[in-house]
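J.: Questions regarding the structure given below will be posed in turn.
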Amino acid sequence: MTWTIARKEILSNLLSYKFFVVLLLMVLLVATSLFIMHRDFNQRMADYQIIRPKPGDPIALVAPNPLAIFAKGLDDAMTRSFEVSITGIEARAGKVSGNIIYSFFPAPDFLYVVRVVLSLVALLFGFDQVSREREQGTLKLLLGGSVSRAKVLLGKWTGNFLSLAVPFLLVTLIASALLMLDPNVHFSGGQLGRLALMLALSLLYLGFFLSLGILVSTMTKKAATSVVVLLFLWSLFVFIIPNLGTLIARQFVSIPSVRALSEKREQTWTREVLLSERGGNWKEGVRTINRENDQMEQDYRLKFERLVRLSRDINRVSPAASFLDASSEIAGTGIGEESRLKEEVVRYKDAVIAQILANWESVKKDRQYPMFTYKPRSLSDIFASGALFDTAWLIFFNILSFALAYVAFIRYDVR
Amino acid sequence: MFRIIYKKELLENIQNYRFLMALVICLVVIPLGFTVSQKDYVDRRQVYDDTVRDDAELRKTVQDFLVNGGMAFRPPAALGLLSSGVEMVLPNAVETRGFVSEEGAQVQFNNSRRLDNPFTSLFGRLDLAFIVTTVLAVLVMIFAFNAVVGEKERRTLAQVMANAVPRPVVIAAKMAAGGTLLAAAFLSGVLAGVLLTTALGIDPFREAGAWAPFGIGVGASLVFLMAFYGFGLLVSSLSRSSVSAMVTLLSCWVALAMIVPKGSVVVAKLVRPIKSQQVVELEKSQVRRQTERDIDASVAKLSQTMPGIKDMSSDDYFKQRKAKNPVIEAYEKEQARLRSEFTARLNADLDRIDAAFDAERAAQAAAARTIARLSPVSCLVNALTEVAGTGFAEDESWREARSRYKQIIDRDIASKAQMTQFKDFSYGGGNLPRKAPAPKLPAVPVPLEKRMAAVWVDLVLLAIYGILFFAAAYVAFLRYDVR
């Protein structure tokens, strides 16, 4: 019986104007997003080719990540060039070409499309599932038979989920396949696996919003009221909580300003320069500057990571934050990956400075430094450091919203 | 009759929680956005003030300038809460590159910055432009989607129309009532935001002249909301069911807010392709190298052809120079003339390359903006960005500032760093006013009039969209089958 109801839902969706428009919307959005992000990726690859360091240059630079086409995340920050010298690390923007207009209307990446627009579409599929049938009087007829309410609800959920998920997957897979025709965009097997995981997370996320739509529909008498309540919840989950979380976390964890750090760095530098001018050993001075800067950087990172952890924990009240966090980490453009890259850059800087100190007498231009290499975190690392929790959390949200919808539907007065 | 329908619409929207929900959303989202944006601004302002203070200490004299290089900083925009625009991608400083020689300073943008809040990069900025075009636009859809078609479904429209109520009155009353409630919710949110930031001591109005652009920004947002509500009425008057009205509105919103603005950039790139900044830098360095070669060749020719100089050995030359030989003085004068001629030519060539590139960039940006104006969302974003001082006018002004800084350095230092070459020896530069105050770039904020000149088209277009959508809704409602 569940499948019969699901089939009925699919058929009625297929015949509806809503389905046609939603399909068109998905095609337009996913295609536009991937097309624009693909162009952006090619542009950044061209920039990377221009600014990539020559062998022996003490510069840490990573190539743009092709998965950033789907999840931009912090890829711009990660593809900056980190120039190492005895004064420390200087980060420079990786982008050297282009017009400011490109940044004026930021491209919505795939994650944005799913997080903001498709979540709204999922609500649109769910908002009138029960209240509309009640308004039309068909719910009474349906429940007048021997079919259980659980089966009706499950059938409705399955039918609508498939109506949403199948076109979504088809459109995304076709657009991704077209993307792979470009020889500049090379996805490894692992990256394709990551992409599949991101799609699975997207389905979980959309499933939650569909259940939420059905839940609110079972708690309201009119579809119009259900829309208003759902819009409020959508704003709350997608915009309010993620911004509020960071704001609240900042009240509890204070981090020194970037300026304070740079002042301290300058003080250390000036002190050691003065000491060396008064007959001190400059080589030893460089060693001290490096050690003290590392210590300060480490303290900063510890506080910063506390802030990030707390923000992340508060933000997790919203499934949108969990979805974005887990997906961007899986894509390799998340906060964890950026943090790890920074650690590697600091390690690289230590190696470069150690080499400078070891070859102190050699002429600067003759020095050859090791090449910076960066290996992104493995999936098991990513899952262990939070993505597994976020995935489980999304599953929990799905089960909870569906269970609540079930309870509300059992108590629903169909008259 | 208008008043009766207007009152009925007001009461209906209040009773079905729409207004309450809109009010709650505005009272939460707008103050939250203002607070987050202003806290960010206060932090960046602090960094800017500290940096400028340190810079004044570090570069007191021309000598300090020569040792440490020159730097000038861009203050953060005080009204970034309206729209962050291109604020985060605009370079935060200009600096000199290498030594300042007699050929002039090389001034470049400094893009070094630290990622201090990864969540902002992940979730995006909650500025007014985003709140209005995303959250409140969806709210407007909720207000409007069943304003007409909902009444038809409930069969109340047929009853109203059965009486002697003119259709224009009904649609005008609906527009007025919905607009009033939306405006009330929006302005309450803005007021709450202003009060909250003032209570926290981070309001933007401590900066002189912030009220006027803020007021213009809020007014433009209000016009946008009205225009979008008119659009909602139009769709509702063209639909046969509430669901199809909702779906159509959602699709139109996606097209207007996401596809048209970003698509305009893609089309502009195709229609008016430009060179990359890197290519331009390469061209400039080729011109510099060629000029250096030309100078060397001219100076060599001069030393080989000038009577009294051509047969002189280096030792003789410097002995004669010490003895103030007029031939040497004439040689130095002639060389200075040659060098200043080449420097003028070099600067003219570099300016020409920069001007050509800036013109190309501006043409591409103008094309993108013109296409983007097909959407009222882009018009609002343009308007808010320019009045906030985070748009193209700021980019243009910052580029001008870079040129101005170069001119100041050239005037105060480079023009006095005259070098003379004889065979393999270069000497000179002794006239530098090393103890004079270091050249500074005075901060010249973009005046409101200039910013308004850049946005009046958008403001007018927003008003036109509003009138157009309402007129179309009116016509559609006149032809609407209420059965």
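J.: So how many residues does segment B:165-200 have that are over 30 Å from B:LYS39 (Cβ atoms) and of a type outside the set (D, E, K, R)?
T.: So the count comes out to 15.
J.: Would you please list the contacts, defined by Cβ atoms under 7 Å and residues six or more apart or on different chains, that run from a residue in segment B:305-326 that is of a type in the set (S, T, N, Q) to a residue that is part of a helix (DSSP H, G or I) and surrounded by 10 or more Cβ atoms within 10 Å (Cβ to Cβ)?
T.: Qualifying pairs under 7 Å: B:GLN320/B:ILE328.
J.: Within segment B:341-387, restricting attention to residues that are part of a helix (DSSP H, G or I) and hydroxyl-bearing (Ser, Thr, Tyr), which residue is farthest from the other protein chains (Cβ to nearest Cβ)?
T.: Applying the filter and picking the extreme gives B:THR343.
J.: Please verify whether segment A:299-312 includes one or more residues that are within 11 Å of chain B (Cβ to nearest Cβ), in contact (Cβ under 8 Å) with a residue 40 or more places away in the chain, in contact with a strand residue (DSSP E or B) (Cβ under 9 Å, 6 or more places away or on another chain) and surrounded by 14 or more Cβ atoms within 10 Å (Cβ to Cβ).
T.: no
J.: OK, next. Return the residues of segment B:351-387 that are of a type in the set (A, V, I, L, M) and surrounded by fewer than 21 Cβ atoms within 10 Å (Cβ to Cβ); say none if nothing qualifies.
T.: If the condition is that a residue be of a type in the set (A, V, I, L, M) and surrounded by fewer than 21 Cβ atoms within 10 Å (Cβ to Cβ), then B:ILE353, B:ALA355, B:ALA356, B:ALA359, B:ALA362, B:ALA363, B:ALA366, B:ALA367, B:ILE371, B:LEU374 are the ones that fit.
J.: Within segment A:239-252, is there a residue that is at pLDDT 80 or above and surrounded by fewer than 17 Cβ atoms within 10 Å (Cβ to Cβ)?
T.: Yes, some residue in segment A:239-252 is at pLDDT 80 or above and surrounded by fewer than 17 Cβ atoms within 10 Å (Cβ to Cβ).
J.: Exactly one condition in (1) surrounded by 16 or more Cβ atoms within 10 Å (Cβ to Cβ); (2) farther than 30 Å from B:ASP64 by Cα is not met by B:LEU448; state its number.
T.: Exception for B:LEU448: condition (1).
J.: To continue, here is another question. Do we have A:THR138 as within 11 Å of chain B (Cβ to nearest Cβ), under 27 Å from A:ASP413 (Cβ atoms) and of a type outside the set (A, V, I, L, M) here?
T.: Taking the combined requirement at face value, the residue does not satisfy it.
J.: Is one or more of the residues making up segment A:355-367 part of a helix (DSSP H, G or I) and modelled with pLDDT of 90 or more?
T.: No, segment A:355-367 has no match at all.
J.: Only residues that are in a loop (DSSP other than H, G, I, E, B) and surrounded by 21 or more Cβ atoms within 10 Å (Cβ to Cβ): list them for segment A:48-60, please.
T.: Once the filter is applied, which keeps residues that are in a loop (DSSP other than H, G, I, E, B) and surrounded by 21 or more Cβ atoms within 10 Å (Cβ to Cβ), segment A:48-60 yields only A:PRO58.
J.: Against the condition small (Gly, Ala, Ser), within 14 Å of chain B (Cβ to nearest Cβ) and under 27 Å from the mean Cα position of the chain (by Cα), how does A:GLY193 come out, does it pass?
T.: Against the criterion (small (Gly, Ala, Ser), within 14 Å of chain B (Cβ to nearest Cβ) and under 27 Å from the mean Cα position of the chain (by Cα)), A:GLY193 does not qualify.
J.: Of all residues in segment B:412-445, which are at pLDDT 80 or above and either exposed (fewer than 12 other Cβ atoms within 10 Å of the Cβ) or acidic (Asp, Glu) (or both)?
T.: B:ASP412, B:LYS435, B:PRO442
J.: Counting only residues that are at positive phi and of a type in the set (Ser, Thr, Tyr), how many does segment B:387-413 have?
T.: Number of matching residues: 0.
J.: May I pose another question? Would you check if A:SER211 is modelled with pLDDT of 90 or more, crowded, with 19+ Cβ neighbours inside 10 Å, in contact with a helix residue (DSSP H, G or I) (Cβ under 6 Å, 6 or more places away or on another chain) and farther than 30 Å from A:ARG411 by Cβ?
T.: When the stated conditions are applied, A:SER211 does not pass them.
J.: Further question: Answer yes or no: is there a residue in segment B:301-309 that is part of a helix (DSSP H, G or I), under 22 Å from the mean Cα position of the chain (by Cα) and surrounded by fewer than 18 Cβ atoms within 10 Å (Cβ to Cβ).
T.: no
J.: Cβ contacts < 9 Å: first residue touching a residue at least 24 places away in the same chain (Cβ under 8 Å) and facing another protein chain (nearest Cβ under 8 Å), restricted to segment A:208-234; second residue among the hydrophobic types (A, V, I, L, M, F, W, C) and assigned to a loop (DSSP other than H, G, I, E, B), any location; separation 6+ or different chain. Result?
T.: Matching pairs, first to second residue: A:ALA223/A:PHE127; A:VAL227/A:PHE127; A:VAL227/B:PHE145.
J.: Here's a follow-up. Quick check: is even one residue across segment A:251-264 over 32 Å from the mean Cα position of the chain (by Cα) and either free of Cβ contacts under 8 Å to residues at least 60 places away in the same chain or on the phi < 0 side of the Ramachandran plot (or both)?
T.: yes
J.: State yes or no: is B:SER403 farther than 30 Å from B:PHE214 by Cβ, in contact (Cβ under 8 Å) with a residue 24 or more places away in the chain, surrounded by fewer than 19 Cβ atoms within 10 Å (Cβ to Cβ) and more than 27 Å from the chain's Cα centre (by Cα)?
T.: no
J.: Just one of A:ALA107, A:ALA71 is assigned to a loop (DSSP other than H, G, I, E, B), at pLDDT 80 or above, at negative phi and at the interface with chain B (Cβ under 10 Å from one of its Cβ atoms); which is it?
T.: Result: A:ALA71 is the single residue among A:ALA107, A:ALA71 that is assigned to a loop (DSSP other than H, G, I, E, B), at pLDDT 80 or above, at negative phi and at the interface with chain B (Cβ under 10 Å from one of its Cβ atoms).
J.: Take the residues in segment A:26-47 that are among the hydrophobic types (A, V, I, L, M, F, W, C), more than 11 Å from chain B (Cβ to nearest Cβ) and closer than 16 Å to A:MET78 by Cβ; name whichever of them is surrounded by the most Cβ atoms within 10 Å (Cβ to Cβ).
T.: Across segment A:26-47, the extreme among qualifying residues is A:PHE41.
J.: Kindly list the number of the only condition in (1) within 13 Å of another protein chain (Cβ to nearest Cβ); (2) of a type in the set (A, V, I, L, M, F, W, C); (3) not in a loop (DSSP other than H, G, I, E, B) that fails for A:VAL84.
T.: (1)
J.: I'm trying to understand the selection: among the residues of segment B:267-276, which are within 8 Å of another protein chain (Cβ to nearest Cβ) and at pLDDT below 80?
T.: B:SER276
J.: Something else: If you go through segment B:42-57, how many residues are among the aromatic types (Phe, Trp, Tyr) and at pLDDT below 85?
T.: Of the residues in that region, 0 qualify.
J.: Let me ask something else. Would it be correct to say that A:ILE101 is surrounded by fewer than 20 Cβ atoms within 10 Å (Cβ to Cβ) and at pLDDT below 85?
T.: In short, no.
The values are calculated or read from the model by the stated rules, or taken from the named source; none is laboratory data. This one's a predicted model, so the numbers in the text were calculated from it and none came from an experiment. Every residue, glycine as well, gets a Cβ built from its backbone with ideal geometry; the counts of neighbours run over all protein chains shown.
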